[in-house]
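Below is one structure; the comments refer to it alone.
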Number of protein chains: 2
Amino acid sequence: MQPPVLTIAGSDPSGGAGIQADLKTFAAHGCYGMSVLTALTAQNTTGVQEVFPITSSFVEQQIDSVLDDIEVRAIKTGMLYDSDTIRAVVRALKKHFTSTGFPPLVCDPVCVSTSGHTLLHPDAVETLVSELFPLTTLITPNKSEAELLLSYSKNASAYPEIKSLESMVGATQDLLSLGPQAVLIKGGHVVVNIADLDKFSTQHPDVLIVRDGLFDENMEILQVGKTPSISEQIIVVDMLREHEGSISIFARPHIATKSTHGTGCTLSAAIASELAQAQCLVEAVRTATVYTHRGIEGAPGIGRGNGPLNHLHPLKRVLIPSKSACNPYPFTRLLIEESATIWKDFVQHKFVKLLGQGILPKQCFTYFIKQDYLYLKYYARAYGLLAAKSTSFPEIASATRIILDILKESGAHRTFAAQFGISLEDLENAEEGLATAAYGGYLLTTGLEGDATKLLMAQLSCLLGYGEAGLWLKKKATEEGSTVALEGNPYRRWIEIYSGESYQKAVRIGLETIEARAEGDPPSPARFQEWITVWKRCTEFERGFWDAAMQLE
Amino acid sequence: MQPPVLTIAGSDPSGGAGIQADLKTFAAHGCYGMSVLTALTAQNTTGVQEVFPITSSFVEQQIDSVLDDIEVRAIKTGMLYDSDTIRAVVRALKKHFTSTGFPPLVCDPVCVSTSGHTLLHPDAVETLVSELFPLTTLITPNKSEAELLLSYSKNASAYPEIKSLESMVGATQDLLSLGPQAVLIKGGHVVVNIADLDKFSTQHPDVLIVRDGLFDENMEILQVGKTPSISEQIIVVDMLREHEGSISIFARPHIATKSTHGTGCTLSAAIASELAQAQCLVEAVRTATVYTHRGIEGAPGIGRGNGPLNHLHPLKRVLIPSKSACNPYPFTRLLIEESATIWKDFVQHKFVKLLGQGILPKQCFTYFIKQDYLYLKYYARAYGLLAAKSTSFPEIASATRIILDILKESGAHRTFAAQFGISLEDLENAEEGLATAAYGGYLLTTGLEGDATKLLMAQLSCLLGYGEAGLWLKKKATEEGSTVALEGNPYRRWIEIYSGESYQKAVRIGLETIEARAEGDPPSPARFQEWITVWKRCTEFERGFWDAAMQLE
């Protein structure tokens, strides 16, 4: 469910880069994050104050501990500090994986911090290239890292500056020859505009160009205000070259911001997260660039220097916990907890208690039966409306079965009425009370107003409440010293109906239905509030229904 | 927006405990996580293999880097390893905060790992108690840590075992006297059942008892199968004592699992996250115990030993990015991207192109005008239905204004008809084509079926598409060498209407409305799919509408 992903990198205590950024990125992608530390830094958004090395043997020991126990689905490396550490990483990885059994390995060749601090000893570049690169699925240098790596490969003579799309093409080719399976050059510091990209696109028809957030045709209506003409806008271009030589370009608008601390860490961690979920490389890079771009856009503005990204932007908190053995109906449970007082007033209403004891005044019960008979008509119609709002045969069938149940229940009401001396004519012509009219009107209005789930919410309180009242009375009747009794109770049949198998089966189906709705379409906070409001309102109507009957006491 | 929270603790490379668990927990609570490392471990779910200490001066340097730059809202400490480290932490904190200006500080007095590894030197207990405890808002020992701390306070004579609720009461009191503002003893290893809790509750009526996931009264309907009688169930009880002496108890069912690696780290990090968001202590602890409990329930089953919790359980990925300067209408943009081909077929339909060039056959245009006149009746009625489904005056007003716009548009159609030689009688009695009937029926059915947002989705394609076609033609007309022209075009008025200020204002309001809906009620994946489906269907209907007109070419 959560694929394990490992980062092997340095620590940034201020949380914006290093393993901290990686772990946040893994979490944002639904991965199980793990991190082996190669070196510690004392740093913040203004720069790196100090570096504290870790012995290479302890780096190796950490990797052993992880790989001995857990099957990783992807690995990324960040700051590797020195040659010994790189060798330890390579040794540990080779110990655990055969050459064909490597998980995807993304190497972010971190050399120098944004603030200019050396994060990889100069003499370690050779080890990085010769020992680690051949194992990598992808390396992700930025402009200056690419230039540094390529200077090394050219025997330390300076590599020409990468300053255009054409020079990126050459540089990705040269980097690929150093051994990795693919190369992504991050173009954050290469100045390109859309005209350059369009020209390049014409000259290289084979290159896949993904334009994200650059307004395409057919979106005239989405343009706002006087933005600079698109062709003048500075854009950021990342270029991916895969082993077979194919090039993909990911272009998006440049954001004028100083919140770029940890951008490289974040991007490579995002790519590793996507690869861990078996995404193909082009799609992994595309998704990761979008994730990183949005992280910069939504930067929280923390610290006085180059602030961190918002790593958590694609996440929202959910309101309803998952189903579990000790909480089989989490949504309904929340509904009841949120309305505890009204719910208790309803299901343990004085009407219910007196009925359970067999001492409910007859006129209260007969009034109730007449009103409930009228109510059942609204209730059946509401399920008719539910059928009309359904989009599948099972949903239509379910709503229809409930109408049949309600028609049966109305028959039971006719029997009660006869038993209590109410003629069928009196029952059919009973005057509708306000409590009945208000509740019935609310049911159908809610159904017209909202979707099927909202209507189900309105129907739920009645269904569950009578089931709860029935079970509660049945339980009370078995308790020693209880005044609730079935024996000799004139209302025994009522208790038996609502605690009985047939009604309880309907309760069960109602519970399963509403839980499935909440699980299949987890509500936003606003929608959750709307659902709760409907549930509470109907529970109040239910209480009011019995209040009205008790006024005749 | 994301309150910064700092953990000062050890590293667990396998990701389940230490700063890794803390950072995940902070993320799950929407906090900005930071971490200062006190020691590294090589460990996994089977145990701790090795510990790598960090110098106390570097611990202090890390804290300095964080606190010099970032305003933290809460701090938690975990594994502090030895006396020097504790002193360095205390020194660094005191340097940055006055005694009254401390942020909430939660100390998890990690002494021994679940697997028995020493994580705090025995001689450091005294330093922990005498130097750090007085600064803490809360300490969170488990049973054995509490016993160890209390043995120390009693001059190393063994403290009686904590094995009941009553002994927890005494232990929290004794721990409080060691200096912290509050004490939470975690009862994971104290065996208690509901009968014990009920008895305790009777004897201590002042104690707040929060029963989470233990079925309360009025939830008979939620009970499933033959679970052991509640009174026999083993429960887990955490006991909180605050400085003023008040006690709160958090009880929940015991989960039989071996996935408990990092539970203590997680709980204390969750409490710190809640405190960072200005939650009161009782509520912070309650929420944090629920979070941790659900994390255990949802454990991903990683590793061969005591596996980690699911730290990410309250998070879901969102589908629609946030609004930004370069993406002012993110939801609509997604809709258009998801339906790129159909959308283009619609807004750049042959009908539109020929109309723009002024060479659209007259019979095509007159057929279209007649059918669109019929369609506008459905469209107006759909907004009437939207008004009926609205719950606020502004929503009702907005729907009503659009009906007025449509009535005006129908007037424009009458003018077009007259210009093109169609009598009002012919217009009113035009025979409805299939494309019109299908689209009109779909609009009203969708409105009956779903909620107001779903209806808006059905209304959107027409509104936006005509606006887009209008703007596109207007733009084309200004391009050099374009065959699209306004001058001398018999359909000029049509282009001017849909690219004009009044219609574009309606487009703008429509965009703002739908974006506000998507932002205010972010859809679940299922609901998002439902919305997309409606949007695509209507875009197809729009294309079909012009297809029908072009059949007369």
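The values are calculated or read from the model by the stated rules, or taken from the named source; none is laboratory data. Here the structure is a predicted model, which means the values were calculated and not measured. Positions of Cβ are generated from backbone atoms using ideal geometry, with glycine treated the same way; all protein chains shown enter the neighbour counts. Only protein heavy atoms, including side chains, enter the accessible area calculation; ligands, DNA and RNA are left aside. Shrake-Rupley method; radii C 1.70, N 1.55, O 1.52, S 1.80 Å.
Being in a helix (DSSP H, G or I) and away from chain B (no Cβ under 13 Å) is a property that does not hold for A:W472. If the condition is being in contact with a helix residue (DSSP H, G or I) (Cβ under 8 Å, 6 or more places away or on another chain), within 22 Å of A:M34 (Cβ to Cβ) and either without any contact (Cβ under 8 Å) to a residue 24 or more places away in the chain or away from chain A (no Cβ under 12 Å) (or both), then region B:273-304 contributes only B:T292. Here the condition is being in contact with a His (Cβ under 9 Å, 6 or more places away or on another chain) and touching a residue at least 24 places away in the same chain (Cβ under 8 Å); of A:G179, A:G188, it holds for A:G188 alone. Collect the residues in region B:29-41 that are within 16 Å of B:P103 (Cβ to Cβ) and either part of a strand (DSSP E or B) or modelled with pLDDT under 95 (or both), keeping them in residue-number order. Matches in region B:29-41: B:Y32, B:G33, B:M34, B:S35, B:V36. Would you say B:L443 is of a type in the set (A, V, I, L, M, F, W, C), assigned to a helix (DSSP H, G or I) and touching a Gly at 6+ places or on another chain (Cβ under 9 Å)? Judged against the criteria, B:L443 is not a match. Residues of region B:499-534 being under 14 Å from B:P330 (Cβ atoms), touching a residue at least 12 places away in the same chain (Cβ under 8 Å) and within 10 Å of another protein chain (Cβ to nearest Cβ), which ones? Answer for region B:499-534, where residues must be under 14 Å from B:P330 (Cβ atoms), touching a residue at least 12 places away in the same chain (Cβ under 8 Å) and within 10 Å of another protein chain (Cβ to nearest Cβ): B:L511, B:R517, B:A518, B:E519, B:P522, B:P523, B:F528.
Taking region B:502-553 as the range and being over 17 Å from B:Y379 (Cα atoms), more than 21 Å from the chain's Cα centre (by Cα), open to solvent by less than 60 Å² (accessible area, probe 1.4 Å) and among the small types (G, A, S) as the test, the residues that pass are B:A548, B:A549. Candidates in region A:310-345 are the residues that are open to solvent by 60 Å² or more (accessible area, probe 1.4 Å) and hydroxyl-bearing (S, T, Y); of these, the one that is farthest from B:I221 (Cα to Cα) is A:S322.
Hey, among the residues in region A:191-209 that are under 27 Å from B:A469 (Cβ atoms) and touching a residue at least 24 places away in the same chain (Cβ under 8 Å), which one's surrounded by the fewest Cβ atoms within 10 Å (Cβ to Cβ)? Reasoning before the result, please.
From region A:191-209, those under 27 Å from B:A469 (Cβ atoms) are A:194, A:198, A:201, A:209; that's our starting set.
In the following step, the residues that additionally are touching a residue at least 24 places away in the same chain (Cβ under 8 Å) were identified as A:194, A:198, A:209.
Values: A:I194: 19, A:D198: 12, A:I209: 17.
Looking at the filtered set, the residue picked out is A:D198.
Would you check if A:T266 is buried (at least 20 other Cβ atoms within 10 Å of the Cβ) and more than 7 Å from chain B (Cβ to nearest Cβ)?
Details: buried (at least 20 other Cβ atoms within 10 Å of the Cβ): yes; more than 7 Å from chain B (Cβ to nearest Cβ): yes.
The answer is yes for A:T266.
Per the conditions (1) farther than 22 Å from A:A477 by Cβ; (2) within 14 Å of chain B (Cβ to nearest Cβ); (3) surrounded by 19 or more Cβ atoms within 10 Å (Cβ to Cβ), the sole criterion not satisfied by A:I402 is (2).
Return the only residue of B:D123, B:D82, B:D69 being acidic (D, E), under 17 Å from B:Y152 (Cβ atoms) and touching a strand residue (DSSP E or B) at 6+ places or on another chain (Cβ under 8 Å).
Numbers: B:D123 fails: touching a strand residue (DSSP E or B) at 6+ places or on another chain (Cβ under 8 Å); B:D69 fails: under 17 Å from B:Y152 (Cβ atoms).
On inspection, the qualifying residue turns out to be B:D82.
Consider region A:449-492 and keep the residues that are among the acidic types (D, E) and without any contact (Cβ under 8 Å) to a residue 60 or more places away in the chain. The one that is least open to solvent (accessible area, probe 1.4 Å) is A:E449.
Tallying residues that are farther than 17 Å from B:K76 by Cα and not in a loop (DSSP other than H, G, I, E, B) within region B:96-124 yields 5. Among the residues examined, A:Y491 does not qualify as within 44 Å of the chain's Cα centre (by Cα), among the aromatic types (F, W, Y) and at pLDDT 95 or above.
Residue-wise test of (1) among the aliphatic types (A, V, I, L, M); (2) in contact with a Leu (Cβ under 6 Å, 6 or more places away or on another chain).
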site	(1), (2)
A:A299	yes, yes
A:R304	no, no
A:H311	no, no
A:P314	no, no
A:I336	yes, no
A:F346	no, no
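Scanning region B:42-75 for residues that are surrounded by 23 or more Cβ atoms within 10 Å (Cβ to Cβ), within 8 Å of chain A (Cβ to nearest Cβ) and assigned to a strand (DSSP E or B) yields B:A42, B:Q43, B:N44.
So that you can scan it fast, the table gives a plain yes or no per residue for (1) over 24 Å from A:A9 (Cβ atoms); (2) open to solvent by 10 Å² or more (accessible area, probe 1.4 Å):
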position	(1), (2)
A:P141	no, no
A:S144	no, yes
A:P160	yes, yes
A:M168	yes, no
A:P180	no, no
A:L184	no, no
A:G188	no, yes
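Per the conditions (1) in contact with a helix residue (DSSP H, G or I) (Cβ under 9 Å, 6 or more places away or on another chain); (2) surrounded by 23 or more Cβ atoms within 10 Å (Cβ to Cβ); (3) in contact (Cβ under 8 Å) with a residue 40 or more places away in the chain, the sole criterion not satisfied by B:A88 is (3). The number of residues in region B:96-129 that are within 15 Å of B:T85 (Cβ to Cβ) and open to solvent by 40 Å² or more (accessible area, probe 1.4 Å) comes to 5.
Check region B:375-394 and report whether any residue there is under 29 Å from B:E553 (Cβ atoms), open to solvent by 30 Å² or more (accessible area, probe 1.4 Å) and not β-branched (V, I, T).
Applying the first criterion (under 29 Å from B:E553 (Cβ atoms)) to region B:375-394 yields B:375-379.
Remaining after also requiring open to solvent by 30 Å² or more (accessible area, probe 1.4 Å): B:377-378.
Checking which are not β-branched (V, I, T) leaves us with B:377-378.
Yes, because at least one residue in region B:375-394 is under 29 Å from B:E553 (Cβ atoms), open to solvent by 30 Å² or more (accessible area, probe 1.4 Å) and not β-branched (V, I, T).
Just a yes or no: is a residue in region A:1-17 of a type in the set (A, V, I, L, M, F, W, C), surrounded by fewer than 21 Cβ atoms within 10 Å (Cβ to Cβ), facing chain B (nearest Cβ under 7 Å) and under 28 Å from the mean Cα position of the chain (by Cα)? Yes; the residues of region A:1-17 include at least one that is of a type in the set (A, V, I, L, M, F, W, C), surrounded by fewer than 21 Cβ atoms within 10 Å (Cβ to Cβ), facing chain B (nearest Cβ under 7 Å) and under 28 Å from the mean Cα position of the chain (by Cα).
Anything in region A:174-189 that is within 35 Å of the chain's Cα centre (by Cα) and of a type in the set (A, V, I, L, M, F, W, C)? List them, or say none.
Within region A:174-189, the first condition is being within 35 Å of the chain's Cα centre (by Cα), and the residues that meet it are A:180-189.
Once the filter is applied, which keeps residues that are within 35 Å of the chain's Cα centre (by Cα) and of a type in the set (A, V, I, L, M, F, W, C), region A:174-189 yields A:A182, A:V183, A:L184, A:I185.
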